[in-house]
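The values are calculated or read from the model by the stated rules, or taken from the named source; none is laboratory data. None of the values given here were measured: they were computed from a predicted structure. Note: ideal-geometry Cβ built from the backbone for every residue, glycine included; neighbour counts use all protein chains shown.
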Amino acid sequence: MSSVAPSGVFAPAEVPSHPAVSAAAASFAALVGKLDYMTPVEVESVRQAYRLADEAHLGQLRKNGDPYITHPIAVAAQCAEWKLDAQALMAALMHDVIEDCGITKPELVERFGSPVAELVDGLTKLEKLEFDTREQNQAESFRKMLLAMAKDVRVILIKLADRTHNMRTMGDMPRSKWERISSETLEIYAPIAHRLGLNFTYRELQDLAFRHLHPWRYEVLRKALNKSRTRRRDLIGRVEQEVEALFAQHGMPVRILGREKTLYSVYRKMDSKHLSFSQVTDIYGFRIVVPELTDCYTGMGILHQLYKPLPGKFRDYVAIPKVNGYQSLHTTLIGPFGTNIEFQLRTHAMDVVAESGVAAHWLYKASEPNSDTSQRLGTQWLQSLLDIQQETHDASEFWDHIKIDLFPDAVYVFTPKSKIMALPRGATVMDFAYAIHSDVGNRTVAARINGEQLPLRTELNNGDVVEIVTAPGAEPNPAWLSFVKTGRARSKIRHYLKTMAQEKAHVLGERMLNQALRSEGIAALPAEADEHQAIWDKLLRFTGNKSRIELLSDIGMGKRIAGMVGKKLAVLLSETGLKPDALLISTERYAAGADESVSQGMVTLDGSEGLSVQYAPCCKPIPGDRIVGYLGRGEGLIVHAEDCPTGRRLLARDSERFLEVEWADEPVRSFDTTLLVTVTNGKGVLARVAAAIGAAEADITHVDMGSEPAQAATDIRFLVSVRDRVHLADVLRSLKRTPSVLKAQRFKPSKP
């Protein structure tokens, strides 16, 4: 996008061509003219960094034959355009010296101080030898850069300047690299620039990437835009004159700038909406910079007197800024000859922020040292990077979370106290809850939107007032992962589930190992004390675990067989002189019964085990059923009904992974089971059946009537929550007494 020339004609929206680099561009003189906002001492510090970089890169050439130092100088020059401080420019000049020239971080700390060295280190890729694949290395390198950026935003500003210059000079690179680098720019660097409000850099990176990713499409669109610009020159000139005259008539001094969609924006709109070039009507627009904030709204009224507004095309980003700090009033008007023209009204301060985003902080600091305008831009997202990192230790998973948040088309919702929250479009109630605080998200049980109670998966719309209802004992549900949209919510839920699974698996694993040890004649596990540390160390070397807790968690999650670990532990204890108790062995074997396949001792279940124990969805066992436990590999303990066909197949194939389980005398929660109810079809039947189930104090969690048209007799499946088999019998009796019910029974999986 570009400004209107004095004549009112739009300047070309092409990507700037890369001029031939002369020898002068390799000298410090090429940069010093841009450092007029710095003190002589700061300029000298930058000069020292230039000297080190020049020496380090001596003899190195770019692909076009220019001295390599021209690249760091160009990067530093872009940073100087943003008025970044001396430390940032020093890091920009030396951003490749660790990676390419063998200079170490301690050397930089000694010569230039820790802050500069940290910036340079944050810009340095990881060693490729550490990773098996390019993708893994790339993910780790991005994670390192983004975390450095979260601590100091100058890292990403320098990196964006670096990428911009590389893209400007892409023509010197082998064509085989164009697609990879351009795709990376479109998917990663341009969205980061947009997320941080660097509008000019964002648009330039998009067009440069488009130019090299699709050269033919770029060239066709460029020619079409040039022709369109020539045809509409008179129209644009007329609009500019009429707008200038109207504002002058009202005595409001304004600056009018032309705005033209970038080629990539035009291409993306054509591609996504299947339009021809002639059907894209909002290529041209105007930006009007006014003196004061209230003038934005006054100016909007003036414009609406001149041209009619297009309904539904007014956006107020002044009262409610975009996530990246952008503020403007947007309106689309029907101009001369029925042409749609967008106008943006903003103050000078808003204009600087709109084009420079987080970099506006330094621009303001240079001109207004006491101003903190835009200082907080992007900080919420940057902080969220650190939050996500704390819960995500896998680089690829971390990067997946970040990509979700990179390009938010935001919706703005309100808390009950009228605080505005910005979330990506498509965000749900749970995204809102986690945006408030992770504890709020973890304890969420219900939500009210605009006073109406709605499901947690409900997508939010602009202007919704959202109230979250929490409960002290509530926990995240794994099903939430299927509908949350933000990386923050996803990482918080995964972290909680993993932590809770490990904790509960640890408790279950300890019970299982203790029972296995009793089967070997030893009454209890050795305590984790100094006198037993050597035994635990030997056992951990045998299993390959790092700690006692990890070993017990692995047993609880089914990654280790309790019986095998118990036998090894019994051997280690016997080496210390502890003899097995023969009476205990015989007692345990008698309790185990005749089934030799179940060899790991009895585990008692009461429903409080959490994620380490799963009740098989195929047979849905409930208290009172005869049950067996299958120790799935990495899935924890899976409980099947004894007569379940799936469980029997597993027992025949994998008997050593089964253990005996029993119900506690008083389970602490209800359990789901499926009822198959056959009814005569008629008015109000479903309501009567549901009432019968409710009368028996059972909860209905799901109803399935099938997809076939209703017949005279229809089968309905109910997923109901009951306490035990006795409660289930009460529910079935209540159903059988209900008119219209022909048959009611518990649904069981078919026999193999």
Among (1) under 41 Å from the mean Cα position of the chain (by Cα); (2) among the charged types (D, E, K, R); (3) outside any loop (DSSP other than H, G, I, E, B), E55 falls short only on (1)
Among the numbered criteria (1) within 22 Å of T576 (Cβ to Cβ); (2) of a type outside the set (S, T, N, Q); (3) in contact with a Ser or Thr (Cβ under 7 Å, 6 or more places away or on another chain), which one does G556 miss?
(1)
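Among the residues of segment 68-108, write down those that are among the acidic types (D, E) and in a helix (DSSP H, G or I). Don't jump to the end; show me each part of the working.
So in segment 68-108, the residues among the acidic types (D, E) come out as 81, 85, 96, 99-100, 107.
Once the filter is applied, which keeps residues that are among the acidic types (D, E) and in a helix (DSSP H, G or I), segment 68-108 yields E81, E99, D100, E107.
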Scan segment 492-523 for residues that are surrounded by fewer than 21 Cβ atoms within 10 Å (Cβ to Cβ), closer than 21 Å to D431 by Cβ and of a type in the set (D, E, K, R) and jot them down.
R494, K498
For segment 255-289, name all the residues that are touching a residue at least 12 places away in the same chain (Cβ under 8 Å) and either touching a Pro at 6+ places or on another chain (Cβ under 8 Å) or assigned to a loop (DSSP other than H, G, I, E, B) (or both).
K261, T262, V280, T281, D282, I283
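Being within 26 Å of the chain's Cα centre (by Cα), exposed (fewer than 14 other Cβ atoms within 10 Å of the Cβ) and not β-branched (V, I, T) narrows it down to one of A479, A489, so name that one. Talk me through it step by step, then tell me what you get.
Values: A489 fails: exposed (fewer than 14 other Cβ atoms within 10 Å of the Cβ).
None of the other options fit; the residue is A479.
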Among the residues of segment 447-462, count how many are within 23 Å of the chain's Cα centre (by Cα) and of a type outside the set (K, R).
8
Only one of S721, S734 is among the polar types (S, T, N, Q), at pLDDT 90 or above, surrounded by 14 or more Cβ atoms within 10 Å (Cβ to Cβ) and farther than 18 Å from P621 by Cβ. Can you tell me which?
S734
Hey, any hits in segment 31-52 for a residue that's closer than 23 Å to E107 by Cβ, polar (S, T, N, Q) and at pLDDT 85 or above?
yes
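Go through the residues of segment 690-699 one by one and say whether even a single one is over 17 Å from A744 (Cα atoms), modelled with pLDDT of 85 or more, touching a strand residue (DSSP E or B) at 6+ places or on another chain (Cβ under 9 Å) and surrounded by 14 or more Cβ atoms within 10 Å (Cβ to Cβ). Spell out the reasoning first.
As a first pass, look at segment 690-699 and keep what is over 17 Å from A744 (Cα atoms): none.
Within segment 690-699, not a single residue is over 17 Å from A744 (Cα atoms), modelled with pLDDT of 85 or more, touching a strand residue (DSSP E or B) at 6+ places or on another chain (Cβ under 9 Å) and surrounded by 14 or more Cβ atoms within 10 Å (Cβ to Cβ).
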Of the conditions (1) among the β-branched types (V, I, T); (2) more than 20 Å from L303 (Cβ to Cβ); (3) modelled with pLDDT under 85, V220 fails just one. Which one is it?
(3)
For G197, work out the one condition from (1) of a type outside the set (F, W, Y); (2) touching a residue at least 60 places away in the same chain (Cβ under 8 Å); (3) outside any loop (DSSP other than H, G, I, E, B); (4) touching an Asp or Glu at 6+ places or on another chain (Cβ under 9 Å) it doesn't fulfil.
(3)
Taking segment 451-477 and keeping only residues that are without any contact (Cβ under 8 Å) to a residue 24 or more places away in the chain and not in a loop (DSSP other than H, G, I, E, B), one is left with E452, Q453
Take the conditions in contact (Cβ under 8 Å) with a residue 12 or more places away in the chain, of a type outside the set (S, T, N, Q), crowded, with 17+ Cβ neighbours inside 10 Å and more than 30 Å from D665 (Cβ to Cβ) and apply them to V685. Does it pass?
yes
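Please verify whether T714 is in contact with a Gly (Cβ under 9 Å, 6 or more places away or on another chain) and either buried (at least 17 other Cβ atoms within 10 Å of the Cβ) or not acidic (D, E) (or both), treating the condition exactly as stated.
Working: in contact with a Gly (Cβ under 9 Å, 6 or more places away or on another chain): yes; either buried (at least 17 other Cβ atoms within 10 Å of the Cβ) or not acidic (D, E) (or both): yes.
When the stated conditions are applied, T714 passes them.
Against the definition (at pLDDT 90 or above, within 15 Å of the chain's Cα centre (by Cα) and of a type in the set (A, V, I, L, M, F, W, C)), how does F407 come out, yes or no?
Details: at pLDDT 90 or above: no; within 15 Å of the chain's Cα centre (by Cα): yes; of a type in the set (A, V, I, L, M, F, W, C): yes.
Against the criterion (at pLDDT 90 or above, within 15 Å of the chain's Cα centre (by Cα) and of a type in the set (A, V, I, L, M, F, W, C)), F407 does not qualify.
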So which pairs qualify, if the first residue must be in segment 417-441 and at pLDDT below 90, the second must be in a helix (DSSP H, G or I) and of a type in the set (A, V, I, L, M, F, W, C), the Cβ gap must be under 7 Å, and the two must be at least 6 apart or on different chains?
M421/F432; M421/A435; L423/F432; L423/A435
